[in-house]
Amino acid sequence: MRKTLFAKGAAAAAVTALALTACGSDGSGNDDGGKADDSPITWMSMLHTPVTPDADGPIQTALEEYTGQEFKMQWVPDASKEEKINSALASGQLADIVSLTVTDSTTVRQALKAGQFWDVEPFLKDFPNLAKIDPDTLNAAKLDGKLYGVPFQKIKTRYGVVVRQDWLDNLGLEAPHTIEDLEKVAVAFAKDDPDGNGKDDTTGFIDREESFLVGFRSLTGYFGAGDKFSVDDSGQVHAAFASDEFKQAMEWYRGVYEQGGVNQEFVTVQKQNQQDAIARGKGGIVVTGLFEAKNYMDLAQSADPKTPMKWALINDMTFDGQPHHIITDTGGGMGGWLALPKSEVKDEAEVKKVLGFIDKLMDEEPFGLMTNGVEGEHYSVDGDGVVTIEDQTAWEQEVQPYSSSRPSEKVVTYKSTKPYVDEANEKMAEQEPDAVINPTQSLTSETFDRQWSTIEDKAMDAYNRYLTGQIEMADYEAVVEDLRGQGLDDIEAEFTAAYAKVNG
């Protein structure tokens, strides 16, 4: 990245803060692969910070200089994004680029499929960065076979198992890499005083109320379960929570729970409570994003600068000799769409102009600007390539608002001085080829849209009651059978038909 600020563009874009008024291109342009007219590109994007950045500030000015393109941001507060975006979609008051990040919104998906937005897939091959988007992410971003926007690219597989290394050392144990050894470690952490304080005050897994949807769901991938749904060899779609693999994982986890290896009150534990318990040394195993080890260290050190806490980051857990599988926690690396509405982007020349702008934002230099800022002003780099933010206030005000608008999070991985950050980044990238992705994510089922949340809640309640010993597996299976008559069978059938149509 350049060490000096780019020269200010001839005309800096004015921020249309928090507005949702239409502000499109003027419709002129030529079909030359992105070099259409010089009118500003408008961009409706989410704002995750309290303050709107200045359009004349260093980041937008530098991005305009690099891309050769003026642009105007229409910032939408993230807290109210669903309401604001739904209103904009209904009124047709959109921008040239609309960031659509609520991927499971029925309103958004219906708007995309209704023909309001360009299918951009035919154009991607003409742009060097867009042409290299991971095929899994592209497929995950499609709706019934069409790509109605450039997918926001995220790491596909961030989850793994983090284990207290210092507790392993205290008990003379090795880091577990199989489900069988993971159980042994969880029970030992619960029973063998791993912190050496002479008290019975530790457990293995620290789980929380979203276990069915988050931590345990990730564990089921090691057993061979699908990501919410799976497709068998005959093309039939099945709900993961009804599968033998999922139930096998439930039986295993209940066995660990009954031995004290899971916090007994997990069904009432909020995420904040979970984090606090980890920081206070109440549990030694968490199924979570591998990057969380760094955050746990920060929490523990804020309470006790001399904490002995150390973590093992495990990204290769297997069960019964099966190949390693890891369920994606980011929808196959798809964080939403950079969608181009036909009401604003009038023709193919304008499509290429806008896609050319997005493509350039995926170069290393603009990615660095939107991530770290300007070298010497917001951050510094040492001889080992480690990036350090030097002016946190300036970074939060001038850089952070743009970071969530980066078309890809995977352009460059910067080195860090923080413990576990580099290791987590490496291990998350290593396991991407083993990702298990929901095959129905890009498909349509009207019954799913209407009834899935209720069905999933009932399955989760049955899971919680089974884990805590209130019911047995036969009772859980009876709940699943009852759900089949409440829409589950229809959902599976509709997804099966949609899968066959797209893949036939």
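The values are calculated or read from the model by the stated rules, or taken from the named source; none is laboratory data. Small disclaimer: the values here were computed from a predicted structure and weren't measured. Glycine also receives a Cβ, built like all others from the backbone with ideal geometry; neighbour counts cover every protein chain displayed. The accessibility values were calculated without ligands, DNA or RNA, using every heavy atom of the protein model including side chains. Shrake-Rupley method; radii C 1.70, N 1.55, O 1.52, S 1.80 Å.
Annotation: of all residues in the range 459-484 being within 27 Å of LEU143 (Cβ to Cβ) and in contact (Cβ under 8 Å) with a residue 24 or more places away in the chain, the one that is most open to solvent (accessible area, probe 1.4 Å) is MET460.
Would you check if ASP227 is crowded, with 22+ Cβ neighbours inside 10 Å and of a type in the set (D, E, K, R)?
Working: crowded, with 22+ Cβ neighbours inside 10 Å: yes; of a type in the set (D, E, K, R): yes.
Criteria met by ASP227.
Just the residues that are within 20 Å of VAL269 (Cβ to Cβ) and part of a loop (DSSP other than H, G, I, E, B), please, taken from the range 208-228.
Residues satisfying the conditions are ARG208, GLU209, GLU210, SER211, PHE212, LEU213, VAL214.
Pairs linking a residue in the range 259-288 that is open to solvent by less than 50 Å² (accessible area, probe 1.4 Å) to a residue that is of a type in the set (Ser, Thr, Tyr) and not in a loop (DSSP other than H, G, I, E, B), with Cβ atoms under 6 Å and 6 or more positions apart or on different chains, are ASN263/THR203; ILE278/TYR296; GLY283/THR203; VAL287/SER218. Can you tell me which residue in the range 414-455 is surrounded by the fewest Cβ atoms within 10 Å (Cβ to Cβ), limited to those that are at pLDDT 95 or above, within 30 Å of GLY373 (Cα to Cα) and polar (S, T, N, Q)? Only one residue tops the list, namely ASN425. Among the residues that make up the range 266-280, is at least one of them more than 24 Å from the chain's Cα centre (by Cα) and not in a helix (DSSP H, G or I)? So far as the range 266-280 goes, yes, one or more of its residues are more than 24 Å from the chain's Cα centre (by Cα) and not in a helix (DSSP H, G or I). Restricted to the range 180-199, and to residues there that are touching a helix residue (DSSP H, G or I) at 6+ places or on another chain (Cβ under 8 Å) and outside any helix (DSSP H, G or I), the residue that is least open to solvent (accessible area, probe 1.4 Å) is PRO194. Would you confirm whether or not the range 232-249 contains a residue that is in contact with a Pro (Cβ under 9 Å, 6 or more places away or on another chain) and touching a residue at least 12 places away in the same chain (Cβ under 8 Å)? Yes, the conditions are met somewhere in the range 232-249. Taking the criterion of being closer than 21 Å to ALA474 by Cα and assigned to a loop (DSSP other than H, G, I, E, B), the only residue of the range 229-260 that qualifies is SER243. Under the condition of being open to solvent by 30 Å² or more (accessible area, probe 1.4 Å), in contact with a Leu (Cβ under 9 Å, 6 or more places away or on another chain) and on the phi > 0 side of the Ramachandran plot, the residues counted in the range 146-177 number 0.
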